[in-house]
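Heads up, the thing below is written out as structure tokens.
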Amino acid sequence: MEGGNLAHDGVNPGEPIDDLRILTTHFRPENRYFSTIGDTSSATAQAAKLAAEIMVSRPGLWPETVRALLVHSAEWTPAMAARVTACHGNKTQLQSILRRYGYGVPNLGRALLSANNDLTLMIEDDIRPFQREGSGSVKMRDMKLHLLPWPKDNLLALGAEPVEVRVTLSYFIEPNPGERGWTRRHRYASHGLRFQMKTATESVDEFRARINQAARNEEEGTPVNVGESWLLGTFRDSGSLHSDFWRGTAADLAERDAIGIYPVGGWWKEKPYLDRYNEKARYSLIVTIRAPGAAVDLYAAVETILKTEIVAQV
């Protein structure tokens, strides 16, 4: 969100000046009516306004979903996108760019609407990450496999046409009530969630096995390979909101028709004496297909699928 700007003469450090900051009301109106504000103070107020507008338009959405839409609707400006392109896929450099720009500038229209070839699916669900049998150790319990109603015939017809998939996963954690820190011993988050997309050549069983291995790898501190087709490609140290971009051909996307959600450890798992290991965790998953050069109405195709198929949850 716009936080105002600093004036810079090319030599001295940047300085805040009124002409480049955001106009607001003064906290003592008996003295003066207006003042200026900048940086995170103004950006936070505008983010709250955007969240409120989404909640008014869609009052039934979960807070997890509203939060996800704020990020999912954001796009990098041309200047930001040029910096992203200049990274040439280097994940370390891209993470640095992400810390600088976030996911770009949010947009209310994109958060609420889908164009014909900019289709958005929203899933609100919950998962029970952990379980304990008797006095044994706490172990992983559930994963969720969401089968996506891709318009396969339409995508196959597009062939080598470039498409983009944006995936955003949002959930809230329970902070560690007794200890601080980010090491394994002093985990701050109650749990973590991750997503993976099925590849074009995998069966559902093979995909499930890969998710299980990814969960084990992360628990052991081994980097999880999500594939070079994902722009950012990492979950580590990324909090409780994850967003990434897959780019490829429409024909390849046609067979990537499932997304798996799986848990990773937190203090719910590592501190069984606090009796939180049976808790459920809510999450929102938002998936967008973009085919900007296509003449196919993806929205209508998916609407037809949803009206004629019985969707089974696995």
With the checklist (1) of a type in the set (A, V, I, L, M, F, W, C); (2) over 23 Å from Val204 (Cβ atoms); (3) at pLDDT below 85; (4) crowded, with 20+ Cβ neighbours inside 10 Å in hand, flag the one item Trp268 doesn't pass. (3)
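Going by the structure shown, is Arg132 under 30 Å from Glu75 (Cβ atoms), in contact with a strand residue (DSSP E or B) (Cβ under 7 Å, 6 or more places away or on another chain) and basic (Lys, Arg)? Working first, answer last.
Values: under 30 Å from Glu75 (Cβ atoms): no; in contact with a strand residue (DSSP E or B) (Cβ under 7 Å, 6 or more places away or on another chain): yes; basic (Lys, Arg): yes.
For Arg132, the condition - under 30 Å from Glu75 (Cβ atoms), in contact with a strand residue (DSSP E or B) (Cβ under 7 Å, 6 or more places away or on another chain) and basic (Lys, Arg) - is not met.
Condition first: part of a loop (DSSP other than H, G, I, E, B) and surrounded by 14 or more Cβ atoms within 10 Å (Cβ to Cβ). Now tell me which residues in the stretch 1-45 satisfy that.
Initial filter on the stretch 1-45 (part of a loop (DSSP other than H, G, I, E, B)): 1-5, 8-14, 17, 21, 26-33, 38.
Across the stretch 1-45, the qualifying residues are Met1, Gly3, Gly4, Asn5, Arg21, Gly38.
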Tally up the residues in the stretch 1-50 that are in contact (Cβ under 8 Å) with a residue 60 or more places away in the chain and of a type in the set (S, T, N, Q), please. 0
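Determine which member of the set Ala250, Ala295 is surrounded by 19 or more Cβ atoms within 10 Å (Cβ to Cβ), more than 13 Å from the chain's Cα centre (by Cα) and modelled with pLDDT under 90.
On the way: Ala295 fails: surrounded by 19 or more Cβ atoms within 10 Å (Cβ to Cβ).
One residue alone meets the criteria, Ala250.
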Residues being within 15 Å of Asp142 (Cβ to Cβ), in contact with a helix residue (DSSP H, G or I) (Cβ under 8 Å, 6 or more places away or on another chain) and part of a strand (DSSP E or B) - total across the stretch 250-284: 6
Suppose we filter the stretch 56-80 for residues that are exposed (fewer than 14 other Cβ atoms within 10 Å of the Cβ) and either free of Cβ contacts under 8 Å to residues at least 12 places away in the same chain or small (Gly, Ala, Ser) (or both); how many remain? 6
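The values are calculated or read from the model by the stated rules, or taken from the named source; none is laboratory data. Quick caveat: nothing in here was measured; it's all calculated off a predicted structure. Virtual Cβ from ideal backbone geometry, glycine too; neighbours counted across all protein chains shown.
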